[in-house]
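Please read the structure below before turning to the comments.
The values are calculated or read from the model by the stated rules, or taken from the named source; none is laboratory data. Note that the coordinates shown come from a computational prediction; the quantities given were computed from them, not determined experimentally. All Cβ positions, glycine included, derive from the backbone under ideal geometry; neighbour counts span all protein chains shown. The accessibility values were calculated without ligands, DNA or RNA, using every heavy atom of the protein model including side chains. Shrake-Rupley method; radii C 1.70, N 1.55, O 1.52, S 1.80 Å.
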Amino acid sequence: VEASIPEPQRETWRKHQAKPFADKDGFQRELVRHVETTLARSMFNCDESAAYSACALAFRDRLVYDWNRTQQRQTLADAKRVYYLSLEFLMGRALDNAMLNIGQKDIAKAGLAELGFRIEDVIEQENDAALGNGGLGRLAACFLDSLATLNYPAWGYGLRYRYGIFKQEIIDGYQVEVPDYWLDFNPWEFPRHDVTVDIQFYGHVVKTTDENGRVVHRWEGGETVKAVAYDVPIPGYGTSTTNNLRLWSSKAASGEFDFQKFNNGDYESSVADQQRAETISAVLYPNDNLDRGKELRLKQQYFWVAASLYDIVRRFKKSKRPWKEFPDQVAIQLNDTHPTLAIVELQRILVDIEGLGWDEAWDIVTRTFGYTNHTVLPEALEKWSVPLVQHLLPRHLQIIYDINLFFLQSVERQFPNDRDLLRRVSIIEETNPKMIRMAHLAIVGSHKVNGVAELHSDLIKTTIFKDFVDIYGPDKFTNVTNGITPRRWLHQANPRLSELIASKTGGYGFLTDLTQLNKLELHVNDADFRREWAEIKFNNKVRLAKYIKDTLGIAVNPNALFDVQVKRIHEYKRQQMNIFGAIHRYLTLKEMTPEERAKQQPRVSIFGGKAAPGYWMAKQIIHLINAVGEVVNNDKEIGDLLKVVFIPDYNVSKAEMIIPASDISEHISTAGTEASGTSNMKFVLNGGLIIGTCDGANIEITREIGDENIFLFGNLAENVEDLRHAHTYGGDWTLDPSLARVFEEIERGTFGNPQDFAAIISAVRDHGDYYLVSDDFHSYLETHKLVDEAYRDKEGWTTKSILSVARMGFFSSDRCINEYAEGIWNIEPLKGEE
Ligand code: C3B
């Protein structure tokens, strides 16, 4: 294509080539142009929202320039690419991130100011892109940032949901879900109406032989839906590399609607077909760590996987390489089991469409895929019913059965006559109906399986995937501890802290080499530095206090200890234990004399997080938190000594405000249940200390920062099973007395109708306390006493804060992505000349 363009034409193209703006003037020119032409407004009716739109469009144009060059460079180099398949990308806002990564926020700030706008207010206009639930989706977003920053040729593939995670309102203390229609104005996506894939569902399989007498399977009939690509540029920090996130949107295959039906007067059904097709990418399933087995979810998974693989294969085929080189050009990472059908789909493409032999195809498939496990919770492990898959994807079911047969035959050869082993590792679970265990399929079809923190990776090897370690050997299983991008979670969220760190570490190099934070240790005794450090935290608390006052009408004292737990509401994360602890604190304060009370450390207990709409218990917990807040916050006797605040609609942009404002945050899951956690890393990176259990990445954080800088408590993962057993069969199990006192108070009606909270109490007291709330409660309270004491020593606290940040270098998602690149994907960076 390149060579076919004659020189005079090239000249004309070059002459008018779009150039990125380089200074304030250039930025302003672009901004005003967008206000006046794209938005058809003027200085007289350009409000903040229009200023945001124009600013975003100006920066989008700027991104496109690097983006086009990156794509050309990657195509030309024909280098191996990694494809990150994730049903969730929890991106948050894009404008601030784009300005900072490009390095032109200062230009924009000055430019906007001269036009009458404060950049902070303009940034606030943007809706979060909330195409994810929690940790798994946000991890994918951090990975994209690191992949671009490190110049890896990488693509993200996901779904373009019309509705992201719902918006949460709190009405009378209860969660109410409101749809998140975020696409109203989204300058960050490029519809590619020319990049479409037809996706087939239902139908049947015809088995025939070809002219060579070879058996072939043809998948026929059924219905077709069209996948349309929407591309989102992902700028790296301090590099021109701008990668692509491709999100698929579903459309009726016949175009807008069926004209045949329409012309025959069958208006309704012509529109219904169109709507049915569009339903596939309409909404993100709002469950976190929970599998519901819904047909539409399976349709989403296949739709997205099939479109992505078609795209990947199409790109590979352009290079005209033989199939056996596919794994040298393509690495595909499965973000949890959600995209596991990709394994089956690639085998189908290679065998049914490209005509490869089964074994040759299977070798290519298994060398291509890697699988990341993110949870051991049984209720989160995906299983699809065999009849459902047979109905929706008849050929895929056959392939799954063949994969399973060949796998089990090899197990039989390795471990003859161990029938129970075959039953345990089979991809098919012999229940009624039979179920497909997607994690087993993912393991069998991948060359590497990784967990997301050391403890978690050990747990999967010794519990849920133990048999597979016996079969494949330990080398197939590995650990890649999660990380976070310091660009968004330090530089963007906490600009003043970032600036202070830069002033002490010799510039912003720490943003791309986070281990440079260790230079801060040299300054830990520098009085001015310490004062500034503490001041920045205080100012962040003032900002959060103002937000709480403005939105909830609750006055909190920024001198109080801010104690934060923000994450999805889940029994395993134990927000119930936190609120029980707050009630205990309240009761203790109430029992004190005014003199005693005056000596206590004031606290603000801050909660935030969404409950899955169908997770009744989680919703009750939200209600309890709000009910306790209602009483405590209005108790004159208590005043500033305790406030309980629930911040509605926790999302990425709220996290950017809340996390820098925390003194202590809670990561208190039952040991062995939180695979990693990533907010723990964000809090510590922003100078907050944490209280936590020996779970997930808390353990590695402790190892890095030192156990004198973290408040650990509670039972260990290795004891959880025995404790659970003792709850039911132990005979002498008794409820923790402080907890019994808390329950008494709830049941007395202090926080409203006790019926409302009966289930939360019963789960602990009467139904086996599966999450060990009572077992851990005593050490939880004792550890909070230590937190209070430590906080009273302001200087000691600041030392802990500085040293912790200095030792957080390991938790950059850059380190994490480099480990994937080397250990799993075998890919190299590809840098442009800057
Ligand atoms: C989460 C886990 O619960 C977290 O511990 C972990 O840090 C992140 O993934 C990222 O690895 N997770 C999630 O958000 N959703 C799931 N379905 C499973 C795990």
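If you wrap the tightest convex hull around every Cα atom of the stretch 541-685 and split its volume per residue, you get 114 Å³. Sorting the Cα pairs of the stretch 1-155 by distance into bins of 5 Å, from 0 upward, gives 2, 8, 14, 16, 16, 14, 13, 10, 5, 1, 0 percent per bin.
Using all pairs of distinct alpha-carbon atoms, the Kirkwood hydrodynamic radius of the stretch 96-176 works out to 15.8 angstrom. This model, with +1 at the C-beta of Lys and Arg and -1 at the C-beta of Asp and Glu, gives the chain a dipole about its Cα centre of some 1580 debye. Looking at the stretch 255-413, the pairs of alpha carbons with a distance over 21 Å make up 57% of the total. Using the Stokes-Einstein relation with a Kirkwood hydrodynamic radius computed over Cα pairs, the translational diffusion coefficient of the stretch 572-654 at 10 °C and a viscosity of 1.306 mPa s comes to 116 µm²/s. In a simple Cβ point-charge model (Lys, Arg +1; Asp, Glu -1; nothing else charged), the stretch 556-795 has a dipole of about 800 debye relative to its Cα centre. Farthest toward the positive end of the dipole of the stretch 438-580, out of Thr551, Ala439, Ala527, is the Cα of Thr551, where the dipole comes from beta carbon charges about the Cα centre. Looking at the stretch 85-184, which trypsin sites (Lys or Arg not before Pro) are DSSP coil and have at most 13 other C-beta atoms within 10 Å of their C-beta? Listed in order of number, the matching sites are Arg118. Among the GluC sites (Glu not before Pro) in the stretch 88-145, those placed in a DSSP loop whose Cβ has at most 16 other Cβ atoms within 10 Å are Glu124. Packing order of peptides 550-560, 39-49, 809-819, 477-487, highest average first: 477-487, 809-819, 550-560, 39-49 (average count of other Cβ atoms within 10 Å over each peptide's residues).
Building the convex hull from the alpha-carbon atoms of the stretch 556-795 and averaging its projection over directions returns 13.1 nm².
If only the Cβ of Lys and Arg carry +1 and only the Cβ of Asp and Glu carry -1, the dipole of the stretch 211-307 around its Cα centre is close to 300 debye. Among Phe811, Trp155, Phe89, pick out the residue whose Cα is farthest towards the positive end of the charge dipole of the chain, where Lys and Arg carry +1 and Asp and Glu carry -1 on C-beta, about the Cα centre. My answer, from the dipole projection, is Trp155. Backbone amide hydrogens, once placed in the peptide plane, bring Gly483 within less than 5 Å of nothing, excluding anything fewer than 5 places away on its chain. Within the stretch 716-792, which GluC sites (Glu not before Pro) sit in a loop by DSSP and count at most 15 neighbouring Cβ atoms inside 10 Å? Within the stretch 716-792, no GluC sites (Glu not before Pro) qualify (loop, at most 15 other Cβ atoms within 10 Å). With the helix formula -39500 (n - 2.57) applied to DSSP H stretches of n ≥ 4, the chain reaches a computed 222 nm mean residue ellipticity of -14000 deg cm²/dmol.
Once C-alpha pairs closer than 8 Å and six or more residues apart are averaged by separation and normalised to the residue number of the chain, the relative contact order reads 13 percent. Between the C-alpha center of the stretch 376-440 and that of the stretch 578-610 there is a gap of 51 Å. In the stretch 556-795, with Lys and Arg counted as +1 and Asp and Glu as -1 at Cβ, which of these residues, Pro754, Val773, Gly706, has the Cα nearest the positive end of the dipole, that is, farthest along it? My answer, from the dipole projection, is Pro754.
Taken over the stretch 141-200, the ratio of Cα radius of gyration to 2.2 N^0.38 Å equals 1.63. Overall, the ratio between the Cα radius of gyration of the chain and 2.2 N^0.38 Å, rounded to two decimals, is 0.98. Average accessible surface for the chain: 40 Å² per residue, computed with a 1.4 Å probe over protein heavy atoms with every protein chain in place.
Packing order of peptides 763-774, 689-700, highest average first: 689-700, 763-774 (average count of other Cβ atoms within 10 Å over each peptide's residues). Rolling a 1.4 Å probe over the protein heavy atoms of the chain, with every protein chain left in place, gives an accessible area that is 51 percent carbon and sulfur.
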